[in-house]
Structure formats: C-alpha cells, structure tokens
Amino acid sequence: MMSENKNKWEMTTAGSQYKIDDDFSSIENRFTVGFEKTTKTPCIYFPVFNHHAEYMEYYWLEDDEYRRFLVDHVAANEFASRCKRREMDERLMFTPGRMRGWA
C-alpha cells in the first residue's frame, strides 16, 4: 500500500500545484496533519531549514494513521519526531534536494 500511495502522489503532482487542507496543527511541536485535496492523500508536514531557506517537508500517511493522529496528538507528535529524525524518509511526498534542511 505504501508504494502505491507514493506512486499515485508522484504521478498526479508532477508539474502541478497541490493544496493541503489543515486539520490539526501543533504550534508547540511545529507540525500539521492535513489532507492533499487533489489526490486525497493524508499527510503530516513541518518546517525545515537550510542555510538558504525555510520550506516544508511533507510525509504521506495511511488513512488509519491520519484518523488516529486527529484524536491522538501524542501519537502524531511521535510520528512527526520520527520524520524529523529522517526515520520515515520512505514516506516523503517530494524528494529533497541536495541541500536538504533540518527540523
């Protein structure tokens, strides 16, 4: 299922704009759980920084993770922390450039 979702995302977003609906944001822990409208892909994202810019890294979620993270914010924070430590890179919605930032 994971690779199927990623392939669906990459095919539909190549050269197009994406729109995220935010459903839950943690200001304290700096992450947001949302839903990409075009592909209907649930995701979690947060700001990262490099020496030149601040940008967002987006990680796709399984549907059950998305529903759970909306009510279990501790679990959402744990997942976001794993992403920030780059332990969930197989879930990246976009491949980072060579000057990847840090959270």
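The values are calculated or read from the model by the stated rules, or taken from the named source; none is laboratory data. Every value quoted in this text rests on a predicted model; they were computed, and no experiment measured them. We place every Cβ from the backbone using ideal geometry, glycine too, and count neighbours over all the protein chains shown.
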Would you please list the contacts, defined by Cβ atoms under 9 Å and residues six or more apart or on different chains, that run from a residue in the range 81-103 that is of a type in the set (S, T, N, Q) to a residue that is at pLDDT 85 or above and surrounded by fewer than 17 Cβ atoms within 10 Å (Cβ to Cβ)?
Ser81/Asn29; Ser81/Glu87
Selection over the range 13-62 where residues are among the charged types (D, E, K, R) and in contact (Cβ under 8 Å) with a residue 24 or more places away in the chain yields a count of 6
Helices (runs of 4 or more DSSP H) completely within the chain that count 3 or more residues being in contact with a strand residue (DSSP E or B) (Cβ under 9 Å, 6 or more places away or on another chain), surrounded by fewer than 19 Cβ atoms within 10 Å (Cβ to Cβ) and at pLDDT below 85:
2-13
